[in-house]
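K.L.:
Sharing a structure, written as structure tokens. Questions coming.
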6 protein chains.
Amino acid sequence: MPKTRKTVAKSRPDPQKRAGRAPGRKTARRDTEIMALKLRPARLSPSMAAFFKLCEEKQGFVPNVLKAFSFDMAKLEAFVAYRNDLMLGGSRLSMLEREMIATAVSAQNHCFYCLTVHGAAVRNLSGDPVLGEMMAMNYRAARLSKRQRAMLDFAIKLTAEPWGIEESDRARLRGAGFSDRDIWDIAAVASFYNMTNRLASATDMRPNEEYHGLARSTK
Amino acid sequence: MPKTRKTVAKSRPDPQKRAGRAPGRKTARRDTEIMALKLRPARLSPSMAAFFKLCEEKQGFVPNVLKAFSFDMAKLEAFVAYRNDLMLGGSRLSMLEREMIATAVSAQNHCFYCLTVHGAAVRNLSGDPVLGEMMAMNYRAARLSKRQRAMLDFAIKLTAEPWGIEESDRARLRGAGFSDRDIWDIAAVASFYNMTNRLASATDMRPNEEYHGLARSTK
Amino acid sequence: MPKTRKTVAKSRPDPQKRAGRAPGRKTARRDTEIMALKLRPARLSPSMAAFFKLCEEKQGFVPNVLKAFSFDMAKLEAFVAYRNDLMLGGSRLSMLEREMIATAVSAQNHCFYCLTVHGAAVRNLSGDPVLGEMMAMNYRAARLSKRQRAMLDFAIKLTAEPWGIEESDRARLRGAGFSDRDIWDIAAVASFYNMTNRLASATDMRPNEEYHGLARSTK
Amino acid sequence: MPKTRKTVAKSRPDPQKRAGRAPGRKTARRDTEIMALKLRPARLSPSMAAFFKLCEEKQGFVPNVLKAFSFDMAKLEAFVAYRNDLMLGGSRLSMLEREMIATAVSAQNHCFYCLTVHGAAVRNLSGDPVLGEMMAMNYRAARLSKRQRAMLDFAIKLTAEPWGIEESDRARLRGAGFSDRDIWDIAAVASFYNMTNRLASATDMRPNEEYHGLARSTK
Amino acid sequence: MPKTRKTVAKSRPDPQKRAGRAPGRKTARRDTEIMALKLRPARLSPSMAAFFKLCEEKQGFVPNVLKAFSFDMAKLEAFVAYRNDLMLGGSRLSMLEREMIATAVSAQNHCFYCLTVHGAAVRNLSGDPVLGEMMAMNYRAARLSKRQRAMLDFAIKLTAEPWGIEESDRARLRGAGFSDRDIWDIAAVASFYNMTNRLASATDMRPNEEYHGLARSTK
Amino acid sequence: MPKTRKTVAKSRPDPQKRAGRAPGRKTARRDTEIMALKLRPARLSPSMAAFFKLCEEKQGFVPNVLKAFSFDMAKLEAFVAYRNDLMLGGSRLSMLEREMIATAVSAQNHCFYCLTVHGAAVRNLSGDPVLGEMMAMNYRAARLSKRQRAMLDFAIKLTAEPWGIEESDRARLRGAGFSDRDIWDIAAVASFYNMTNRLASATDMRPNEEYHGLARSTK
């Protein structure tokens, strides 16, 4: 999706050829399939056609999650509107911080699609490939500021045992410098990826191959 | 159960008196507060003002989740659009079935707000107050059709261990008569309440009191 | 929430009609059966006949758990004696507090029978229907005194990870004003419902329908 | 295992000396205390005095759980009545099988008191010291009949996730030759030790030292 | 506990008779088999032949884990070298402390082989049979020094949730008097038994019968 | 470690410079430290000096786990001997398959060090960068042969609940074509990484930076 900077993935190796020799792969399902459900794409609405075009221009491809939603324009438009407001809209959380939450939550839920996509976004936005790996493997390994550590601890507790969140958890966030609005934003981002992780896992959604090589070298 | 004749509780301080005045309640936070975050409501956009008015007319009140989102019209509108498409839009899942998923997922996540709201919706749409209780307490206690049982088993596995969903899980849904589009809908509803459960828990959202007494008697 | 104006659900089969006649119920097993095990009731002993008569007079019905035990008078009498001493006998825990523990423990164990019965008891003894719902959904949502919160935290830890209870847990109870005898009572009540939850789940015990509507309106 | 010739431990402080005098014990609490709660023993009722005398004669000591309950004769009598009916009363489960359930459940709950007492009972009733160890360590290691394995699998599932017990679990017991009454007995024994495990853990109950050496050699 | 006078079990099939001859054992697999995998023993290398001879002399038998590894001399020698350095080599942890860690870790993993072997080692090295039982049942029941309690808490957290170990966990060990080298040793021992527990469970390894009766009486 | 093919990491960016600008990093601990324990390196034995030289020549660097063990030559040599026999010695499991097990186990344990090292090894040995990501994120997302899927399912069950492994688990491996020796090898590799994962987590071991960029493009 747009608004990431400087992301171009021109030189992707032919995935068809690769899959051919790859050890351990079954060929029963084609790698070009984006999920395990067969849903016929609808005709893109004008606003979604424009958005897909923007994705192609900025990123070089349309993220598969958008193609997965394309069987129904009302659903696609609602998803894009909610996601873009959350991840790109005004917030005191930086876009990198929002992607750090997305990746750490996805690691808790072992979601292949979202770890691939948001790990890449962390690498890209931070210019620090190792930070992306840490978020995807175990965020506790990263040497974070007290602020960012509190943010991720809240997001992971909310993911793993939402019933246990209490005033003391919010108090810890306030003590790390977060306002009530910031707490909403942390909660909203962590909650959203608990939704998308599950939608991706339920449908065996496959990330675009381009993400894997993205932003692997230090800027 | 009443006391047996031989059981007398002489030395106990009078529990009736202690019970008299809502003994377990602290008054530090007013019950009219809808969540633990203080976010100033924005001015309602025309479409949201109309929607709130509709809620008042049809239900007699505006659900607190909508008031919680009202600090930001873009967020409120995106949430309402996504939610209404999902829960009221076209689907081969009945509205009752969607509310059954919402309630069973909320039980897994022990979410007070969502159990209150969606348990009431199940009671209301089914005309069966006990069905609402079963969904909120343990959906396995309900005597469901094979179809509905498969639907809820999928929703709960997706909630509890999303990383473990595989083709065999989707195959079981297909075997119970669900199409690929139905599987999307089941997944999308279960995933959405994994989001809202967490947003409600993170903010200590409180349900409108009206829900508790709703549809308690058999139609 | 009502529909927004733009949301129309044309292609959906009429959910109202489907909802009309308790759609989720199978009729294979009669609702009047009280558990999944077929055990022939024995002749009530004189003391148990008197106790059942007392139940009818005071509550209007005999709780199904008593009928379930009625295949053997020695077992029924032992259960009633243990239960009545525990829940009605002398204690510095009020009867409401004992029912709060029973309900919170049953929520941890997702026991349909016990949540129904003891949630009703909390509503009835407190005159606060919402307190009953909170105990059954997530006791952490209730605004409790420090004393009652410590009591329930101990009961739930004892339920979920009994191996982890240590002197520090008892110390917290003492710090909240509980004596050693009170700690015994909290432990004994929490432990007892860990027994009955399992007996009810093992036998698919069904609560009397009367509980569901009991004490639903504020006194 | 002894040391290999090349392994020398020169710089280590002498472990033999450190091991000499029960190094891991604190003396703050006397080992003769039977639990962490100080509750003054009441005067034994005639029936309980007779029962304690019987224990002394048959076993050589009064089990500490009985002493723990002795602060209140009503509680002690109710506990003894319930326990003796369950573990010694008529049942198609042998007393050994009931003790096997008690031990396996206590292993799941890591209860020091109950593992000590019921592990000894399994050793004693079976004349097979290794069977007692297996029940206390991991019942899956024992080479059991299909019947006994089904019995313990049910007991452990009921202990670990009581909410998940369903008709298929009861059907497996029936398939292994158990009647509905037998299923009640299995459930009742497993449930009872889920109670006593927690009461013992909550009070840090200590088993009589005599149990540890009991029935250690093969008959 | 003996029966109360009023408890009679007339209709019960004679449990004594049923218990008589190790009722729970199947004879399909011979007890002399040391694991579920059939791997032909290789010829012992000279150093391993000498080591086995030493085991016979000192302990009276060759531990089955060594026989299990004997299908391949390179594997056997590497295992013995690693194990002996770890458990017998120089360290400020006493051999008893290392065996306490081994046993507590094995209890967390419910490993029948390792609980048998290392529980015996704790009994033997400490001269305190009850300490061995506590390590195997629930180490929290033992009255340990602050030092040993911190050591075991670290080992168990490392076993149960290794991803959650952080600087604060190491700091607690330092606060209990452990050096960085000691922390390595605690971690290395706990980690090693997480390996052997799994190798024993994967192969259904059976401990030599001699361990069960070892060091059962107080020195 | 040696025997990976064609691995050269010449052009590593200066980590010092990078850490300087990296968002979210604390500078309290230098990135060149390889673990949280300060243990003075011992003088390398001749065999270990030769092995370190080999690592430099083949891989371009000495893996940090070897440096971490270098405070004690006996420990280092024992670790290298055990590890090299296991991962490089004769087996019907390919080196790639052994690395797939190592990575999937490390994902279950969320071990940053081992995921980095073994994810790189899977990418390198397979020439398939996405396969490495799948093993590190959720092995269930990979389209594996029945053989490899059975192998990883066994390894992960052995990691997550070793107490539950039974004959039926081994039977499934045999059904997928594995011999008893193969089962040993699968178990031994999975068990070993349950050891190293914990040693790395206990000491906060940091992987060499070179791994992150290794084998990221398709061969």
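K.L.:
From the set of residues in the range F:163-219 that are over 19 Å from E:SER191 (Cα atoms) and aromatic (Phe, Trp, Tyr), which is surrounded by the most Cβ atoms within 10 Å (Cβ to Cβ)?
P.N.:
F:TYR211
K.L.:
Assess whether B:ASP204 counts as being touching a Ser or Thr at 6+ places or on another chain (Cβ under 9 Å) and at pLDDT 95 or above.
P.N.:
So B:ASP204 fails the test.
Residues checked against (1) in contact with a helix residue (DSSP H, G or I) (Cβ under 9 Å, 6 or more places away or on another chain); (2) farther than 30 Å from C:LEU76 by Cβ:
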site: C:ARG149; (1), (2): yes, yes
site: C:PHE154; (1), (2): yes, yes
site: C:SER168; (1), (2): no, yes
site: C:MET195; (1), (2): yes, no
site: C:ALA202; (1), (2): yes, no
site: C:GLY213; (1), (2): yes, no
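K.L.:
Looking at this structure, is B:ALA120 at the interface with another protein chain (Cβ under 7 Å from one of its Cβ atoms) and either on the phi < 0 side of the Ramachandran plot or crowded, with 24+ Cβ neighbours inside 10 Å (or both)?
P.N.:
No.
K.L.:
While we're on this one: Any residue in the range A:44-72 that is in contact (Cβ under 8 Å) with a residue 12 or more places away in the chain sitting within a Cβ distance under 8 Å of a residue that is basic (Lys, Arg) and in a helix (DSSP H, G or I)? List the pairs, counting only those 6 or more apart or interchain.
P.N.:
A:PHE71/B:ARG181
K.L.:
Would you pick out the residues in the range D:60-76 that are among the small types (Gly, Ala, Ser) and either part of a helix (DSSP H, G or I) or facing chain C (nearest Cβ under 10 Å) (or both)?
P.N.:
Those that are among the small types (Gly, Ala, Ser) and either part of a helix (DSSP H, G or I) or facing chain C (nearest Cβ under 10 Å) (or both): D:ALA68, D:ALA74.
K.L.:
Restricting the range C:136-145 to residues that are part of a helix (DSSP H, G or I) and within 9 Å of another protein chain (Cβ to nearest Cβ), which is nearest to B:THR203 (Cα to Cα)?
P.N.:
So, considering only residues that are part of a helix (DSSP H, G or I) and within 9 Å of another protein chain (Cβ to nearest Cβ), the one nearest to B:THR203 (Cα to Cα) is C:ALA141.
K.L.:
Ok, one more. If you check C:VAL80, C:VAL117, which single one turns out to be closer than 28 Å to B:LEU214 by Cα, at pLDDT 95 or above and outside any loop (DSSP other than H, G, I, E, B)?
P.N.:
None of the other options fit; the residue is C:VAL117.
K.L.:
Another one. Here's a check for you: in the range F:84-115, which residue that is without any contact (Cβ under 8 Å) to a residue 40 or more places away in the chain, within 12 Å of chain E (Cβ to nearest Cβ) and under 22 Å from E:LYS75 (Cβ atoms) is surrounded by the most Cβ atoms within 10 Å (Cβ to Cβ)?
P.N.:
Step by step, filter the range F:84-115, then rank; the result is F:ASP85.
K.L.:
Name the residues in the range C:184-219 that are more than 21 Å from D:GLU167 (Cβ to Cβ) and either free of Cβ contacts under 8 Å to residues at least 24 places away in the same chain or charged (D, E, K, R) (or both), would you?
P.N.:
Selection gives C:TRP184, C:ASP185, C:MET195, C:GLU209, C:GLU210, C:GLY213, C:ARG216, C:LYS219.
K.L.:
Keeping to the range C:161-173, report how many residues are free of Cβ contacts under 8 Å to residues at least 12 places away in the same chain and more than 11 Å from chain D (Cβ to nearest Cβ).
P.N.:
Total meeting the criteria: 1.
K.L.:
Mind telling me which of the residues F:LEU158, F:LEU131 ends up being part of a helix (DSSP H, G or I), within 12 Å of chain E (Cβ to nearest Cβ) and either of a type in the set (S, T, N, Q) or crowded, with 24+ Cβ neighbours inside 10 Å (or both)?
P.N.:
From the options F:LEU158, F:LEU131, the qualifying one is F:LEU158.
K.L.:
Now, a different point. Taking the range F:67-96 only, how many residues are of a type in the set (Lys, Arg) and under 13 Å from E:ALA81 (Cβ atoms)?
P.N.:
Count: 2.
K.L.:
So which residues in the range D:39-49 are more than 20 Å from D:ASN208 (Cα to Cα) and part of a helix (DSSP H, G or I)?
P.N.:
Matches in the range D:39-49: D:PRO46, D:SER47.
K.L.:
Quick one: which residue in F:ALA150, F:ALA136 is within 27 Å of E:ALA160 (Cα to Cα), out of contact with any Asp or Glu (no Cβ under 7 Å at 6 or more places or on another chain), buried (at least 24 other Cβ atoms within 10 Å of the Cβ) and free of Cβ contacts under 8 Å to residues at least 40 places away in the same chain?
P.N.:
It is F:ALA136.
K.L.:
Can you tell me which residue in the range D:174-219 is farthest from D:LEU158 (Cα to Cα), limited to those that are more than 7 Å from chain C (Cβ to nearest Cβ), in a helix (DSSP H, G or I) and aliphatic (A, V, I, L, M)?
P.N.:
D:ALA200
K.L.:
So which residues in the range A:63-73 are out of contact with any Ser or Thr (no Cβ under 9 Å at 6 or more places or on another chain) and under 19 Å from A:HIS212 (Cα atoms)?
P.N.:
Listed by number, the residues that qualify are A:PRO63, A:ASN64, A:LEU66, A:LYS67.
The values are calculated or read from the model by the stated rules, or taken from the named source; none is laboratory data. Since the structure is predicted, the reported quantities are computational estimates derived from the model, not experimental observations. Heads up, the Cβs are rebuilt from the backbone with ideal geometry, glycines too, and the neighbour counts pull from every protein chain shown.
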